[in-house]
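A short reminder: the numbers here are calculations on the coordinates, not readings from a lab. Please read these numbers as outputs of a predicted model, since none were measured by experiment. So basically every Cβ, Gly included, is an ideal-geometry build from the backbone, and we count neighbours across all protein chains shown.
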Amino acid sequence: MTATIIDGRAVSREIRDELRQRVEALKRKGVTPGLAFVLVGDNPASMSYVASKNQGAAEVGINSHTFQLPADTPQDAVIEVVQSLNCDPTWSGILVQLPLPRAISEDAVINAIDPAKDVDGIHPANIGRLLRGEPTFKPATPAGIQQLLLRSGNDPAGKHVVICGRSNIVGKPLAAILMQKAPGANATVTVCHTRTRDLAAMTLQADILVAAMGAARAITGDMVREGTVVIDVGNNRIEDATRKSGFRLVGDVDYDAVIEKAAAITPVPGGVGPMTVTMLLYNTVLAAERRFE
Ligand SMILES: NC(=O)c1ccc[n+]([C@@H]2O[C@H](COP(=O)([O-])OP(=O)(O)OC[C@H]3O[C@@H](n4cnc5c(N)ncnc54)[C@H](OP(=O)(O)O)[C@@H]3O)[C@@H](O)[C@H]2O)c1
């Protein structure tokens, strides 16, 4: 069996087209969705992530702005900026770009975001709602994985989903999303981590296998059963002397081996990655719609 490739770029374009229409509908009612970024310091990776999110926002018609503060801004001053954005109706959504400088408590800043504007879905109130199956903002990467599954014809309902990784931004919220008694979910979910005794014994039971470990090519061909749908969240740089940059990106899955057994697989790059910014934009449009309603 050779796997079908789940094309994250194509799914992402499809969702952005839908978002553009929803933004136009909001604008006809006099509402322009707004997305405020809070960036503390000038970490090049963070600056580049924020730039690509700003670009994505512009592409679908969302008004966005980056509130950049010096790296030595005191925690209270960062929280004041967040609180002023909470009160400003221009902004439907607020995203605090992480990581923050060490002197600032990320928890304190995240807790200051109005949950109704927390389009990153990381406020504890929103995580609680997610677990309870209440309306909330699904964190972008797991929300993107759910959309990739649904839009590629792989509804997780009734399937055994094995998630390798239990981080707060991917593994745990994905488990919370897919286990719900709700359309697009209803899966039986197993979450694995570094203390899982026999990882292969778990992955071999998966109908849908999600690798979110940050360990290059850790899921090898012998760990995957014929016909499994494989979602590779990993984004690992490995040395590659043939590349000008000296490196290339690989996932957490040994793609060349697993593609021979999987029913469907996401590539790296071009799978989960393109979905993350798109789902942030999705949440921003949703926040504006909820506010209007
Ligand atoms: N494409 C995207 O948009 C996107 C977004 C987010 C993340 N990512 C990528 O996804 C990967 C995971 O990110 P993350 O933030 O979730 O990572 P993380 O916070 O480092 O968590 C990794 C998780 O994987 C588990 N793990 C690591 N090695 C393992 C192994 N050999 N066997 C079993 N479990 C193992 C860890 O277990 P313990 O809990 O026991 O330590 C941990 O729960 C990274 O490559 C990251 O770059 C991509």
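State all residues of region 247-293 that are among the hydroxyl-bearing types (Ser, Thr, Tyr) and assigned to a helix (DSSP H, G or I); if no residue qualifies, say none. I'd like the intermediate steps shown before the answer.
As a first pass, look at region 247-293 and keep what is among the hydroxyl-bearing types (Ser, Thr, Tyr): 255, 266, 276, 278, 282, 284.
Of everything in region 247-293, those that are among the hydroxyl-bearing types (Ser, Thr, Tyr) and assigned to a helix (DSSP H, G or I) turn out to be 255, 276, 278, 282, 284.
Taking region 117-165, which residues are within 16 Å of the ligand (Cβ to nearest atom), over 15 Å from residue 11 (Cα atoms) and not hydrophobic (A, V, I, L, M, F, W, C)?
Result: 120, 121, 138, 139, 165.
Which condition breaks for residue 237 when tested against (1) touching a strand residue (DSSP E or B) at 6+ places or on another chain (Cβ under 6 Å); (2) without any contact (Cβ under 8 Å) to a residue 60 or more places away in the chain; (3) surrounded by 19 or more Cβ atoms within 10 Å (Cβ to Cβ)?
Tallying (1) touching a strand residue (DSSP E or B) at 6+ places or on another chain (Cβ under 6 Å); (2) without any contact (Cβ under 8 Å) to a residue 60 or more places away in the chain; (3) surrounded by 19 or more Cβ atoms within 10 Å (Cβ to Cβ), residue 237 fails exactly one: (3).
When region 138-167 is examined, which residues are found to be more than 11 Å from the chain's Cα centre (by Cα) and part of a loop (DSSP other than H, G, I, E, B)?
Correct list: 152, 153, 154, 155, 156, 157, 158, 159, 165, 166, 167.
Please tell me if residue 206 is of a type in the set (A, V, I, L, M, F, W, C), buried (at least 20 other Cβ atoms within 10 Å of the Cβ) and within 14 Å of the ligand (Cβ to nearest atom).
Answer is yes for this residue.
Is region 268-285 home to any residue that is over 25 Å from residue 179 (Cα atoms), surrounded by fewer than 24 Cβ atoms within 10 Å (Cβ to Cβ) and touching a residue at least 40 places away in the same chain (Cβ under 8 Å)?
Checked region 268-285: at least one residue is over 25 Å from residue 179 (Cα atoms), surrounded by fewer than 24 Cβ atoms within 10 Å (Cβ to Cβ) and touching a residue at least 40 places away in the same chain (Cβ under 8 Å).
Got a number for residues in region 173-187 being within 11 Å of the ligand (Cβ to nearest atom) and either part of a loop (DSSP other than H, G, I, E, B) or touching a residue at least 40 places away in the same chain (Cβ under 8 Å) (or both)?
Of the residues in that region, 1 qualify.
What single numbered condition from (1) surrounded by fewer than 19 Cβ atoms within 10 Å (Cβ to Cβ); (2) assigned to a loop (DSSP other than H, G, I, E, B); (3) within 15 Å of the ligand (Cβ to nearest atom) fails to hold for residue 190?
(2)
Rundown of residues vs (1) more than 23 Å from the chain's Cα centre (by Cα); (2) farther than 18 Å from residue 283 by Cβ; (3) aromatic (Phe, Trp, Tyr), yes/no style:
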residue: 31; (1), (2), (3): yes, no, no
residue: 63; (1), (2), (3): no, no, no
residue: 67; (1), (2), (3): no, yes, yes
residue: 71; (1), (2), (3): yes, yes, no
residue: 77; (1), (2), (3): yes, yes, no
residue: 91; (1), (2), (3): no, no, yes
residue: 95; (1), (2), (3): no, no, no
residue: 103; (1), (2), (3): yes, yes, no
residue: 107; (1), (2), (3): no, yes, no
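Run down 17, 107, 76, 42 and say which single residue is assigned to a loop (DSSP other than H, G, I, E, B) and either without any contact (Cβ under 8 Å) to a residue 40 or more places away in the chain or touching a Pro at 6+ places or on another chain (Cβ under 8 Å) (or both).
42
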